[in-house]
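These notes concern the structure reproduced below.
Values in this text are rule-based calculations from the coordinates and carry no lab data. No experiment lies behind these values; they were computed from the predicted model shown. We place every Cβ from the backbone using ideal geometry, glycine too, and count neighbours over all the protein chains shown.
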Amino acid sequence: MRGFIKARPLFCMCLCGAVSAFVCSFLKSGMIFACFCALLFSMLFVLPQKFELRRTVLLMLAFSAVMALSFFVYYKFSYERACRLNGQTLTADCTVISQSSRTLGGSLAIDVKINEITGGASDLPAGCKVRLYYDDGGELELVPSAKIKAEFNVFETQDNDKFDSDGVHISAYVTKLSVTRPYDSGALSYQFFKIRNFAADRINFNDADASAFIKGMILGDKSEISAVFLNKFSEIGMSHVMSVSGMHLMFAVLFFEFILSVFGVGYKLRSVFSFVAAALFLVLSGFSVSCIRSAVMISVMYGGRLFNRFSDSLTSLLFAVFVILLMSPYNIRNPSFLLSVCATLGIIVFARIFNFARLFKIKNSVVKRIVNAVFGSVSVSLSACVGCLPVFVLMFGKVNLLSPLSNLLLILPVQLMFYMGFAAVLFPFLASFAGAVVSVLYKFVSCVADFEYGLKYTSVTAEYEYFYPVFAVLAVLVIGIFVYNARLPEKRVYPFVLGYAVICCLLFGVNFIFSRDTVTVDFVDVGQGSCTVFSKDEHAVIVDCGGEYSDRLIETLRYRSVKRIELVALTHTDLDHIKYLDYLINSYEIDKIIYPNFADDAKIERSLSRAAENGTQVYVLEDDVSFSVLNGAELSAFVSIADRLISDTNVSALYKLSFAESSVVCPGDMDVYEERLYLDYGDALDCDILLAAHHGANGSSLAWILELYSPRYSVISVGRDNGYGHPGKKALARLEAVSEVLRTDERGTITFRLDKKGYRLS
């Protein structure tokens, strides 16, 4: 240990700073300041001592103290200030600082800088950044440098949001918006916007799908890419390809390096041009946060060349991490940041091991250079994939067994497509040739993606009890094999391939055994709304799809590896039950959509038309009917009482899903009058798990209907501190008298499993 500290003192200092940031990320401001004081006291204690590594230890403590102080300042004056604005309505003059992007929920998001608060009491300082969400109605176009006047309601800041915010801790929904100045032609941000538009025009090849793919990689503009295609790429472990990141920045740098090396340019001058390439790509990417992080890392690593300094990759990486954390401490638990760091670490550790070029004995220098470049790209991609694997497992609770294979097959075509797109932007005379090459490569990429997407049981979630032991034991085994073969670099790849194959086989077996005869029921925590997902064998049935938080539904579907939605059942058409119907239609192949004949179909008319165009069957339910779903389950719809219902906004269909000997009932927003009518169904409504009607309102879940349901568990889908007072105390008491009550505002997403043995709470 002493020898390592002496050999890499800067590495140890930066590591201490990173550890300090990680510890502080779990603490409140008072405890963070206490840690800072403790570190200062430790420095004062070490200062008068005399031992060999005193100065290094002192600097390690200093780096930790500086990081703790940075965390305290950031928490106290940025995050806590943002939290104090929860629920406020403000009016402000703002400057747009980013291009608008469409969220998966359908609204638009844009970052603005506050110039002046003109309405509402607030201590929000000028220059503060706010992320605004708004509905444009197809007529509002906001570009960087535009001046706007906006009235907005600030969202409640969730504790976990600070790690994903990229420094923008205030999010709000716009109620009024007017443009006071469409753009500022002299603003640098507007000039960058024009450059991006110029590049987009250059990438408009004859193949529209291929062009959209390239724009996604180079410009970060995924608006023209099919959501279904994006889902496929995500499911096979290639989502990083479509998210502008450090990988694409490295592609741009390598592109310049390769061209310059062909002309014999020295490594120092190539380093200078590498910085130029990185800066150009930052502009094209719209200064993506992940690209900025990677640019810092690359700058540190390439900077040593210019000063004839020995470049230690691990030290450079940790120094870049320290610098980034100083600027934005909450990056320490940001998934995107951790993936960037682990990918770089994986490249440092494994790239030479995975470089298969050494297996070929090539004498021709030109051919050898090409082979080295090809296999170098493959090894970099595989190494990054292996490095990111622990993050995917620990943070997302899921691992895709095909991810390394996907990277092996697709990274070269994707990289070549990137180069062709980049060349078309820089050299217009190559546009036709680049377009033809991109079109061919895109067809290959699409075919591979379709094939891998069609394979079952390749995505394994960590919810099975054997997952972590299997993964941990075999990972240790593979690491041991690497260590044992340290003196045989040419053979190190074979143990890895063998170990990886064993891991895949065992995890595939675990996934197959535990998922094929089980229906998973997720009562998704969508805030104030309702969304229930039944999934089995990568297929799903969804009852209602509304709420406040679209990301929760998206995360659930991805976690369950849902590739096809067999049926979407709507109890009625209130917004809190249908809000994300458009997202489902645009993102997944849906077999059927059903809704009762007494629902207000005007609210979903456009959505249903789009679904029908995509080949989805739409059924209007007039009588009770049952559907066979999920290979062994049955969904029953109860709607035949419609002719006896009076006009009521809460009139709802009732759905019951049965599998094996267990059942779940979802009654929508039924109130007392509708519940009385449903008594006619008698024992047909008996169930094990009940989704409480109308989010637990006092006017629902009356004693007589609960006697028919006789549930063991009752789930209340409700938003935290909602304005409706849900759940009502009376309804809650009635539910607790007959069942165990679970609430999404207290527990988050609530999951049950139905199998031949019965049902159980996960």
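See the values below:
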quantity	calculated
Listed peptides 200-206, 14-20, 223-229, 406-412 by packing density, highest first (mean Cβ within 10 Å)	14-20, 406-412, 200-206, 223-229
Sequence-distant lysines (8 or more away, or on other chains) whose Cα lies within less than 28 Å of K730	K656
Those residues of the range 734-750 whose amide nitrogen sits under 20 Å from the label point placed on R712, 7 Å along Cα→Cβ	735-744, 750
Whether the range 554-683 is rounded, prolate or oblate, judged on the alpha carbon gyration tensor where a/c under 1.5 counts as rounded	oblate
Cα gyration tensor shape for the range 686-731, rounded if a/c is under 1.5, else prolate or oblate	oblate
Förster-model FRET efficiency, 22 Å R0, V228 and L108, C-beta, rounded to 0.05	0.55
Theoretical FRET efficiency, 1/(1+(r/R0)^6), r = Cβ-Cβ of F41 and A279, R0 41 Å, to 0.05	0.40
Cross-link pairs K28/K222; K129/K398; K129/K232; K536/K579 - those with Cα-Cα distance over 31 Å	K28/K222; K129/K398; K129/K232
Those aspartates and glutamates that a straight Cα-Cα span of less than 18 Å connects to K268, excepting residues fewer than 8 apart in one chain	E257, D312
Shape category assigned to the range 169-272 from the gyration tensor of Cα positions, a/c cut at 1.5	oblate
Label-point separation in nm, Y133 to V73, each point 7 Å along Cα→Cβ	3.2
Placed amide H near R743: partners under 5 Å, 5+ positions off or other chain	I716
Stretchable slack from A660 to E746, in nm (0.36 nm times residue separation minus alpha-carbon distance)	28.0 nm
Extension gain, E589 back to S432 (0.36 nm per residue minus Cα-Cα distance, nm)	53.1 nm
Virtual spin-label span in nm between S313 and R55, 7 Å along Cα→Cβ	3.0
K28-D721 FRET efficiency (beta carbon distance; Förster radius 30 Å; 0.05 resolution)	0.90
Built amide H within the under 5 Å cut-off of D312, gap 5+	none
